[in-house]
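The values are calculated or read from the model by the stated rules, or taken from the named source; none is laboratory data. The shown structure was predicted, so the numbers you read here are calculated from the model rather than taken from an experiment. We place every Cβ from the backbone using ideal geometry, glycine too, and count neighbours over all the protein chains shown.
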Amino acid sequence: MGQVVLKGINKFYDSVHAVKDVNLQIRDKEFVVFVGPSGCGKTTTLRMIAGLEAISSGDISIDGNVINELAPMDRDIAMVFQNYALYPHMSVYDNMAFGLKMRKFEKPEIDKRVRDAADILGIGELLKRKPRQLSGGQRQRVALGRAIVRHPRVFLFDEPLSNLDAKLRVQMRVELKKLHLRLGTTAIYVTHDQVEAMTLGDRVVVMKDGVVQQVGEPLELYNQPANKFVAGFIGSPAMNFAAVTVTEANGSLIAENSGLRIKLPDETAQRLRGHIGHEVTLGVRPEDLTVAGSSRSRPPVLRCRDRGGRATRLGNPARYEGRRGCHGGERRADRAGEGARQAARCHASFQASRFRREDRGGNPTGGALRRCCAVAGAVLRTAKAGRSVPLTLRILQEFYRHDDGASDADDTPNVRAGLPGDSRCGALANLSACPGRLARPPSRYPRPARPCRSSGWEPGSLSTSAAMPVLRDECASVMAAFFEAGGRMIDSSPCMARRSR
Amino acid sequence: MIEGARWRKWVFFYVPMALFLLFLLFPFYWMVITSVRPDGELYRPWNSINYNPFWTWKPTWDHVRYLFEETLFASWLWNTTFIALASTAISLVCGVFAGYALSRLNFPFAGSLGTGIFITYLVPQTLLFIPLAEIIRNYRLGDTPWSLILTYPTFLIPFCTWLMMGYFKAVPKELEECARIDGASRWQAMLYIVIPVAIPGILSAGIFAFTLSWNEFIYALVFLSSPEQKTVPVGVTSELIRGDVFFWGPLMAGALLGSIPVAIAYSFFVEHYVAGLTGSVKG
């Protein structure tokens, strides 16, 4: 058993209120992740559960017993620290056996448990070594082993993977998850990495400034963020926010700002009806931006090839990461069930500099791809400025913008929070954009502004980068758009495209 | 490293190094050469024909023999060793605990207490020996080794505490926290985890304390009076300088023999000692 309940937990450091009234119920066998920016109180909360920090007010109980006053040793918990905290003067075996020795276990029992744990973690060979003779990943395993030999009621993890290199971190993440499934022990995991949070957690607790912002399953956080902070924090690349004013024209609601004009779909419009004339922040997930013109039968093709050299360098060599449907042919929008949608979702990492446009014969061209790449105007700077591109976007979130000065605060409540039903609006609004100008970072790529010749929309409807910070993470959004339009990635190996579970 | 032409290496490395070594080692050389020269050479006037202060062709053990046979040098050595070891042990035990408490336990005024302890170390012994002499007299400890064993910690404990404080601060807090979650009490965590990890620091504090008490002069001079109780520094200077007559040979032999144990202690622990000074605990 390992049910942890936090009731009204507060923590003060002198005058600083570090953790504010945290209430949380962690079920037995659950994997709960605390996530938030640094200094948000997540580690402090964990340390209070561990007994390493005094609780200023409130109660923490494990399996119904209040443990506020218990010493760490009596709480029956195990903790894995960020720097592993291996005892440097002891061998791996002694490190793992230390907790059992302290608890006066019999020698044979200690030996059995240590060897079992070492087998589980694949460190049987290393038992005689000292910590300094181990690599980072091995130390991490030893630290895990030290936790699991004790068979505690609750595991506490304090950013255990953040000292590992990127590749190892992914690997250990998977192993941690497997380990949790195998052992079935309640786990509380602190991280600032939202990918870890989303992949590991049964439930995720998002914190900011000592306040719990939202508690929920990963997809719940993704699709129904409780406020703007959660919406912006969860999801990579981050959600785009556009500050707009809601106006009414011909019976329908229009959201607009200086360069953006969207006719709001009915569902959204209904919720926003009370805010006509007020400022509202629209949130758009990058993957909800699509190229309106392309279709399944005419998918744009993007060849990805590592050619090197300056001649084929098209954009910023920085790497981007985006989500896409696994095979370009699949359209996510109409798939049933969130789970299926998630399962089929892939992660693709690629280098913008490695993309070039080609026709089906493999010859460099504009052609069918032009439209797609035009969305990428900002990134794939070869797109000709002045040509307009139809964009489709789905509005996922709307946030009230208060007119009383506290306007764009992060904790602005989500209009949708708590509403039943499908979280996606699903409604589409058409926009058009001038390629090459869309969200282009103005300083880096100075280029004279040109008038926008649009198609289907009034000129200037999305004309400057300032108008809508839509493509916050430009390339990723573009790629999302590309794949959404049914684009396929050919020859993906050098791009490190990777299919996640 | 010094790069570039060969002459640069000579000018900026070898020559300064040689001068430095000469400067440091010459007193030792002088000590050694004086202690093995016969008296005839030692007291030869500087303007005599074959005056050669830096070398001898007739080395002799006479002075060392004199030291052990005609003076109480052996018991001085024993006294010094005993006193230095005992006071070092006392100071280390106190210093380790105090340093741990000051660096790890959050109690009110911990910071100012630490500073206060350090300030007591700064009070010069030349002032402190006057009230201490009164205390020693009142407790009738004068002329016993205990007068030194109990007074040396007055400057050794602050020193060790300060050194250990710094060292304990460098030991990651997580080690101890982890041990406590693993089921150790605070005391066990300190005993099994923190102190073993801090061994290099403890050793360097010990060596410093040992050297300080070995070389201590003023307290030993004031609190000890009978020749058989004296320590090496006091014994050598008080028994081998009679009036205005310096027995240079035995004097230097005594100084040489007195400095050897310290040198041995240093070289024996030098690896730990260096680690202690640079103070790194990598998990």
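When each of A:144, A:156, A:176 is tested for being hydrophobic (A, V, I, L, M, F, W, C), within 14 Å of chain B (Cβ to nearest Cβ), buried (at least 20 other Cβ atoms within 10 Å of the Cβ) and under 24 Å from the mean Cα position of the chain (by Cα), the lone residue that passes is A:156. Scanning the stretch A:43-61 for residues that are of a type in the set (A, V, I, L, M, F, W, C), free of Cβ contacts under 8 Å to residues at least 60 places away in the same chain and within 12 Å of another protein chain (Cβ to nearest Cβ) yields A:52, A:54. Per the conditions (1) more than 7 Å from chain A (Cβ to nearest Cβ); (2) at pLDDT 90 or above; (3) surrounded by 23 or more Cβ atoms within 10 Å (Cβ to Cβ), the sole criterion not satisfied by residue B:181 is (1). Residue selection: residue A:98 satisfies the criterion of being of a type in the set (Phe, Trp, Tyr) and either within 37 Å of the chain's Cα centre (by Cα) or under 19 Å from residue B:177 (Cβ atoms) (or both). There is at least one residue in the stretch A:73-91 that is in contact with a Phe, Trp or Tyr (Cβ under 9 Å, 6 or more places away or on another chain), within 14 Å of another protein chain (Cβ to nearest Cβ) and farther than 27 Å from residue A:199 by Cβ. Of the residues making up the stretch B:30-77, just one is over 21 Å from residue B:239 (Cβ atoms), part of a loop (DSSP other than H, G, I, E, B) and among the aliphatic types (A, V, I, L, M), namely B:49. Of the candidates A:106, A:69, the single residue that is under 17 Å from residue B:180 (Cβ atoms) and away from chain B (no Cβ under 13 Å) is A:69. Please work out if residue A:101 is surrounded by 14 or more Cβ atoms within 10 Å (Cβ to Cβ), within 9 Å of chain B (Cβ to nearest Cβ) and among the charged types (D, E, K, R). Here the answer is yes, as residue A:101 does meet what is asked. The residue that is nearest to residue A:150 (Cα to Cα), counting only those in the stretch A:122-131 that are crowded, with 20+ Cβ neighbours inside 10 Å and away from chain B (no Cβ under 14 Å), is A:123.
Here residue B:89 meets each of (1) within 27 Å of residue B:220 (Cβ to Cβ); (2) modelled with pLDDT under 90; (3) surrounded by 15 or more Cβ atoms within 10 Å (Cβ to Cβ) with one exception, condition (2).
Kindly establish whether residue A:64 is touching a strand residue (DSSP E or B) at 6+ places or on another chain (Cβ under 7 Å) and more than 14 Å from chain B (Cβ to nearest Cβ). Judged against the criteria, residue A:64 is not a match. Being assigned to a helix (DSSP H, G or I), more than 11 Å from chain A (Cβ to nearest Cβ) and either among the hydroxyl-bearing types (Ser, Thr, Tyr) or under 31 Å from the mean Cα position of the chain (by Cα) (or both) holds for only one residue in B:193, B:202, and it is B:202. Might you check whether a residue that is within 32 Å of the chain's Cα centre (by Cα) and within 21 Å of residue A:202 (Cβ to Cβ) occurs anywhere in the stretch A:134-141? No - not one qualifying residue is present in the stretch A:134-141. Search the stretch B:3-35 for residues being of a type in the set (A, V, I, L, M) and in contact (Cβ under 8 Å) with a residue 40 or more places away in the chain, and hand back the single one that is nearest to residue B:245 (Cα to Cα). Among those residues, the one meeting the criterion is B:31.
The stretch A:1-98 holds strands (runs of 3 or more DSSP E) entirely within its bounds, and those carrying 3 or more residues that are surrounded by 19 or more Cβ atoms within 10 Å (Cβ to Cβ) map to A:4-13, A:16-26, A:31-35, A:77-80. Every test in (1) over 17 Å from residue A:101 (Cβ atoms); (2) at the interface with chain A (Cβ under 9 Å from one of its Cβ atoms); (3) crowded, with 23+ Cβ neighbours inside 10 Å; (4) not polar (S, T, N, Q) is passed by residue B:160 save one, and that test is (2). For residue A:119, the criteria (1) more than 9 Å from chain B (Cβ to nearest Cβ); (2) over 30 Å from residue A:193 (Cα atoms); (3) free of Cβ contacts under 8 Å to residues at least 60 places away in the same chain hold in every case but one, which is (2).
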